[in-house]
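First the structure, in the form of structure tokens, and then the observations on it.
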Amino acid sequence: MATYEYHCHDCGPFEVRLPIGTAETVRDCPACLGPSRRLFTAPSLTRQSPAMSAALTREEQSREAPEVVTSVPGGRRRQSRPHPALSHLPRP
Ligand SMILES: [Zn+2]
């Protein structure tokens with residue numbers, strides 16, 4: 001199904017959901033039954049940032065074939081000093 005946009009001269013634009021490839025160039029307006037011309041508009045595609053696109057691709061791949069790791073992934077090293085806000089807490 002796809003959404004097609006038409007424009008009635010009297011009532012303005014309206015949308016119709018139809019199977020792909022079945023939209024006529026002229027369709028009756030649902031309000032006044034007058035002839036309405038089909039409008040050709042850009043499809044509603046959105047651009048994503050490269051980071052978001054990569055994350056979505058990785059998430060999609062992990063559904064079927066998740067990555068298997070053999071060791072704990074390296075990350076930030078633990079801080080040697082505790083956070084300064086923790087110094088105000090009572091010690092046991
Ligand atoms: Zn109309």
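Residues that are away from the ligand (no atom under 16 Å from the Cβ), modelled with pLDDT of 85 or more and under 32 Å from the mean Cα position of the chain (by Cα) do occur in the range 27-45. Does Ser80 qualify as being among the polar types (S, T, N, Q), free of Cβ contacts under 8 Å to residues at least 24 places away in the same chain and either outside any loop (DSSP other than H, G, I, E, B) or surrounded by 10 or more Cβ atoms within 10 Å (Cβ to Cβ) (or both)? No; evaluated as a whole, the condition is false for this residue. Looking across the range 15-32, the residues that are farther than 17 Å from Pro43 by Cβ, in contact (Cβ under 8 Å) with a residue 12 or more places away in the chain and either assigned to a strand (DSSP E or B) or of a type outside the set (A, V, I, L, M) (or both) come down to Glu24, Thr25, Val26, Arg27, Cys29, Pro30, Cys32. Would you call Ser71 of a type outside the set (D, E, K, R), loosely packed, with under 10 Cβ neighbours inside 10 Å and free of Cβ contacts under 8 Å to residues at least 24 places away in the same chain? Criteria met by Ser71.
Of the residues Ala23, Ala51, the single one that is in contact with a Phe, Trp or Tyr (Cβ under 6 Å, 6 or more places away or on another chain) and more than 16 Å from the ligand (Cβ to nearest atom) is Ala23.
The values are calculated or read from the model by the stated rules, or taken from the named source; none is laboratory data. Just so it is clear, the model here is predicted, and its values are computed rather than measured. Backbone-built Cβ (ideal geometry, glycine too); neighbour counts: all protein chains shown.
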